[in-house]
Amino acid sequence: MAQAALRLSRPAWAALAGALALTAAGVARHVLRQRGRRTVAGPAGKLVVDDGGQGGVPVLFVHSYAGTSAHWAAQLAHLRRHRRAIALNLRGHGGSAAPADRDYAVPSLAHDIAAAADALGLQRFVLVGHSLGGTAAAAYAAQHPERLAGLVLVATPGPTPAEISQEVLRALERDYTRVMADYWPSMTQGARPQVQARLNADMRRLSRKDSKALIAAGFAYDPSPALTSYRGPALLIDTVHGETSSALHLLVPQVPRQRLTGTSHWPHLDDPDTVNRLLDRFLASVPAQAPLKVVSG
């Protein structure tokens with residue numbers, strides 16, 4: 001195949017970045033050696049969660065494409081000193097059952113979050129999602145705002161124009177290996193060496209068919225209406241990798257935002273101390289009890 005046929009426009013590369021961010025971080029099948037590992041029933045089969053700590057408003061973390069609950073290890077260890085903190089492995093990731101029909105649509109991922117929250121007895125909790133996990137978290141927030149004490153979206157991209165997403169998907173069909181090999185280094189740019197090695201290994205574990213299904217699912221969903229509809233406490237934690245004209249902070253400017261530099265698309269892996277401080281600050285602002293509803297009449 002001619003090299004020219006594989007070239008993507010600059011907007012298409014930016015879109016692929018967002019999708020890979022959505023779809024990037026390690027469908028690792030390795031077994032977590034943490035006390036809180038357990039399984040709960042999910043819509044597509046078993047879901048593996050890492051649950052530990054007690055006290056405070058619980059926090060539920062959701063990883064990105066190809067990620068696992070282990071990506072949140074630093075945040076779990078930090079928060080579990082004074083509150084319950086759980087990390088979910090979405091369908092097809094980290095030992096959770098893969099959907100037989102490759103249904104990775106964002107609303108379906110939000111159903112995974114709902115199933116885990118119900119099974120774990122989380123009546124009111126803070127939801128934190130990274131990239132595709134952030135998109136799924138936004139979808140959940142729109143469906144179940146009464147359950148959330150707060151919402152944090154980490155490096156979560158905004159919508160991708162249809163013409164750009166189609167260009168990317170066609171290129172992936174023509175030569176998946178080459179497109180990914182050309183682009184992946186830019187996704188991990190800024191990562192610490194050990195983080196970059198880990199992300200590269202994560203990516204290699206992801207099957208081509210699942211990868212393309214996840215990328216397409218990310219392209220198909222616009223999280224900005226869901227984020228706009230959610231009225232509770234919220235925070236965007238962005239990196240330099242998400243600067244596009246359709247970034248969520250531009251489409252939903254009322255949501256507070258913190259922009260981190262010097263990291264890859266995975267700031268919680270590259271700079272966990274800063275992410276932990278931002279989480280602490282946000283959690284300190286979340287009421288311990290749900291606000292009382294005023295009934296008129």
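The values are calculated or read from the model by the stated rules, or taken from the named source; none is laboratory data. On a predicted model such as this, the values are computed, not experimentally measured, just so you know. Every residue, glycine among them, receives a Cβ derived from its backbone with ideal geometry; neighbour counts consider all protein chains shown. Quick note on the areas: whole protein, heavy atoms, side chains included, nothing else; ligands and nucleic acids left out. Shrake-Rupley method; radii C 1.70, N 1.55, O 1.52, S 1.80 Å.
Does G297 satisfy the condition of being at pLDDT below 95 and on the phi > 0 side of the Ramachandran plot? Talk me through it step by step, then tell me what you get.
Numbers: at pLDDT below 95: yes; on the phi > 0 side of the Ramachandran plot: yes.
Spelling it out, G297 is indeed at pLDDT below 95 and on the phi > 0 side of the Ramachandran plot.
Take segment 118-135 and flag every residue that is crowded, with 24+ Cβ neighbours inside 10 Å and out of contact with any strand residue (DSSP E or B) (no Cβ under 6 Å at 6 or more places or on another chain).
S131, L132, T135
Please list, ordered by residue number, the helices (runs of 4 or more DSSP H) wholly in segment 191-290 having 1 or more residues that are closer than 14 Å to Y65 by Cβ.
Values: elements: 193-205, 208-220, 224-229, 248-251, 267-270, 272-284.
Counting at least 1 such residues, we get 193-205, 208-220.
Are any residues in segment 227-253 closer than 23 Å to L148 by Cα and free of Cβ contacts under 8 Å to residues at least 24 places away in the same chain, and if so, which ones?
Of everything in segment 227-253, those that are closer than 23 Å to L148 by Cα and free of Cβ contacts under 8 Å to residues at least 24 places away in the same chain turn out to be H249, P253.
Can you name the number of the only condition in (1) at pLDDT 95 or above; (2) farther than 20 Å from Y183 by Cβ; (3) polar (S, T, N, Q) that S64 fails?
Single failed check for S64: (2).
Which of the numbered conditions does Q75 fail, given that it passes all the others? Conditions: (1) under 24 Å from H241 (Cβ atoms); (2) of a type outside the set (D, E); (3) open to solvent by 10 Å² or more (accessible area, probe 1.4 Å).
Failed condition: (3).
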